[in-house]
Each structure stands twice: as C-alpha cells, then as structure tokens.
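Quick notes on the structure that follows.
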Amino acid sequence: MNKRKLRYGMVGGGRGAFIGAVHRMAAQLDGQMELVAGCFSSDSKKSQLSGEDLFLPSDRLYSSYQEMVDREAALPIEKRIDFVSIVTPNHMHANVASPFLTKGFHVICDKPMTRTLEEAIALREVVKRSGSIFALTHNYTGYPMVKEARELVRKGDLGRILKIVAEYPQGWLLDQIETTGHKQASWRTDPAQAGASCCLGDIGTHAENLGRYITGLNIESICAEFTTFIPGRALEDDSNLLVRYEGGAKGVLYASQISSGEENNLTIRIYGTKGSLAWHQEHPNELKFQPKDAPAQILRRGNGYLSDTAKRFTRLPPGHPEAFIEAFANIYLEAGRAIRDRLDGKSNGPYDFPNVEDGVEGMAFLATAVESAKSNSKWTKFQRL
C-alpha cells in the first residue's frame, strides 16, 4: 500500500481567485494530500507570487500549464505530482486536462467540465484512452444529507418518483458588476470564457446534477426560457426550465443570478408515490422526509439513524455543523481513494464522486437548454451522446 500523502499540483486559483482557495482547503482537510506544484495564473509573475504565498519551492512554480505538464512528467515518479486540480475558467478546462491525462496524471476538475458539448465528448475519449481517474467537483453531491436523500430514493422510501423541483437563486449579478473589474463576474458573463450560458452554466448545472444524483433519473426533453435582464450583458442571468424525465417524471428547474436578496439558496424537492423529501443548501445539515400518511421527519446529519453512506462522509458529531468546505472535501476524499487504489494497482470501487460521464451529461443538459431557449418549439429532445 502506498503509505504517503498524495501529491498534487494546481492550475489556476491564484491571488484573488475564490474557488482555488476552496479546492486547496478541501484537499488538505483530511491530511491525505499536499500541494507541491502549480501554475496559478496565465500571468507568470502572478503565478510566481501566488506560489510564494503558499510557500511552494520556486522550481515547482510554472509560467504555463504546458511547462508544468512537461516538467512534472520528466521528474522521478517518487517526486512528480499524482494528480492536478484544475480551477481555471470554463474555456481552459479541456485544454489543461487533456495533456495531463495524456501524460498519465489523474485530474480533479471544477465544473462545468468544458465550454462546449463537443469539447466534453472529446475529453471523455481522452479520459478513456488514458485510463486515469477524472473527478468533477459537483460539490453539492458531497453533502452527507444529499447522500442520505439518495439512499432514501434507492431504498424505495419515496416510491416511484413523480416530480423534481430544483431551485438555485442568487442575487449577486443584479448590477452589471462585470464592467467594474469584478473578476468572478467578468469571466462568467463572457461567452468566450463561460460558453453559451452564464446563469445555467454556472449554477443551473448544479441543480440538474443534484436531481440526477439523488434520483438516478435522466432527462428526456426540456422546455427552456433564458432572460438577460441587465442591459448590455452578453449572456442570460435568469433561466426557467420545464423538464421531462425518462420514465415519466416531470420537473421544474429555476436558476437565477438576479433574484434580489438571495445568496446561495439551492433547494431541491422530490415527490414520489410514497413520500417526498426536501433539502436546502443554506441549511445543509437537515433533510426533510415526508411519508405519504405519516408525520414529517427532520433527519439531521451525524446521527446514528442515518445510512452508512451518510455516516461515512460525516466528520463531526451531531450539533456541530458541516458545510461547504467539507462537501468539497468529500469529493477530494473519494477521488483520492480511487487515485490511491490506482497507484496501488487495485480497485476498491464503486467510488462516489462525479466523473467524466457526469461532465458530458452536464454539457448535454446545457446544450439542450440553450437550443430550447433559442427555439420557438415547446420541447427540445435531450442531446445525450
């Protein structure tokens, strides 16, 4: 057994980047991984300074991801990184992931997986040829009570699923802050970097992935409406979708970044023939389960009555809240288990983290919704490939 910390490098996530710091905190939370290298910015000076902030040695700080791939691959196997964490804007994900995979490195990548569906399909082929682990940080699947919700569905406690309602309202783009130099707003509203969607690509993909993760249901068709409320903005800042699932279930998905007063209010409700459940990301340690003919139950993280799966991804006793960083850490923990197994030449799967297939599904969801929003037709068939 490989008894050491996994070594990783990071591309993106330099000074001023929000998500890079989140990934680093998540990776180190369980003490099983260490950051040893990085190219933290396309600006070589900023990359150098960012690496110095993290006390990394100068010979492991790179001015480009291409240099990082080549120089890390040339290192002795006992020194080189085991995997790379990619936390760049969307348009760089495929470009960065492909050469690392080709050189035999494992990859943990922020979502959405790519800028376009075509890029996602091509990247899937690279992953298959490489044989490497590829994990996608749809972090909301990492919450213990989301995993409990999935177990309830799997056990049949909800019966046949009839309806899925997923909401993800934010209010931070109510003003045109992308014109003020706001870094996070600038790239998300830029089609060249974000792709064909802002709001749905940024947060709506989380809502779709969460519904599919919990229920196991795939989308059959979509009726979507995109709106750009803020004049001069190139991409939508509000989206409303009706969804038909394979097997007959129906869904409503709403994602918005101009909902005044909302912070990060991701909510999912699932209704079945025997009961329903509801989970709110801003209150992540609770799951409401409502049996058809019995009082509602509020299930709380950390308690002994939960499933073994929920317990396995829980770190603290009841009453001590676990939240966003821990959910991210659960993705890293499980992807790290797969990577370690691969290094040891064995498999202890199945593994519970979003993978390249989830990435392709997410991009197909976006492509279908964009097509539907542009069309005068009521329904657009899902582009599953």
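Cβ separations smaller than 9 Å between residues 6+ apart or across chains give the following pairs from the stretch 16-38 residues that are aromatic (Phe, Trp, Tyr) to residues that are assigned to a helix (DSSP H, G or I) and modelled with pLDDT under 95: Phe18/Lys183; Phe18/Gln184.
Taking the criterion of being under 17 Å from Ser63 (Cα atoms) and among the small types (Gly, Ala, Ser), the residues of the stretch 21-38 that qualify are Ala37, Gly38.
Among residues belonging to the stretch 320-348 that are surrounded by 15 or more Cβ atoms within 10 Å (Cβ to Cβ) and under 10 Å from Pro144 (Cα atoms), point out the one that is modelled with the lowest pLDDT. Here the answer is Glu322.
Only residues that are of a type in the set (S, T, N, Q) and part of a helix (DSSP H, G or I) were counted in the stretch 199-226, giving 3. Taken over the stretch 297-319, the residue count meeting the criterion of being open to solvent by less than 70 Å² (accessible area, probe 1.4 Å), closer than 14 Å to Leu152 by Cα and hydrophobic (A, V, I, L, M, F, W, C) is 3. Restricted to the stretch 225-274, and to residues that are of a type in the set (Gly, Ala, Ser) and surrounded by 20 or more Cβ atoms within 10 Å (Cβ to Cβ), which residue is farthest from Arg154 (Cα to Cα)? Out of the qualifying residues, it is Ser259.
In the stretch 115-160, how many residues are among the β-branched types (Val, Ile, Thr) and either in contact with a Leu (Cβ under 6 Å, 6 or more places away or on another chain) or part of a helix (DSSP H, G or I) (or both)? Full working, then the answer.
Narrowing the stretch 115-160 to residues among the β-branched types (Val, Ile, Thr): 116, 121, 126-127, 133, 137, 141, 146, 153.
Still in the running and either in contact with a Leu (Cβ under 6 Å, 6 or more places away or on another chain) or part of a helix (DSSP H, G or I) (or both): 121, 126-127, 141, 146, 153.
Residues that pass the stated criteria total 6.
One line per residue, one yes/no per condition, for (1) among the polar types (S, T, N, Q); (2) buried (at least 19 other Cβ atoms within 10 Å of the Cβ); (3) in a loop (DSSP other than H, G, I, E, B); (4) within 22 Å of the chain's Cα centre (by Cα):
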| site | (1), (2), (3), (4) |
| --- | --- |
| Met25 | no, no, no, yes |
| Ser47 | yes, yes, no, no |
| His91 | no, no, no, yes |
| Ser98 | yes, yes, no, yes |
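Rundown of residues vs (1) open to solvent by 20 Å² or more (accessible area, probe 1.4 Å); (2) among the hydrophobic types (A, V, I, L, M, F, W, C); (3) within 22 Å of Ser239 (Cα to Cα), yes/no style:
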position: Val107; (1), (2), (3): no, yes, no
position: Arg115; (1), (2), (3): yes, no, yes
position: Ile121; (1), (2), (3): yes, yes, no
position: Lys128; (1), (2), (3): yes, no, no
position: His138; (1), (2), (3): no, no, yes
position: Asp157; (1), (2), (3): yes, no, no
position: Ile164; (1), (2), (3): no, yes, yes
position: Leu173; (1), (2), (3): no, yes, yes
position: Gln176; (1), (2), (3): yes, no, yes
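The values are calculated or read from the model by the stated rules, or taken from the named source; none is laboratory data. Since this is a predicted model, take the numbers as computed values, not measurements. Because the Cβ atoms are built from the backbone with ideal geometry, glycine has one as well, and the counts that use them run over all protein chains shown. Side chains are part of the model used for accessible areas, which takes the heavy atoms of the whole protein and leaves out ligands, DNA and RNA. Shrake-Rupley method; radii C 1.70, N 1.55, O 1.52, S 1.80 Å.
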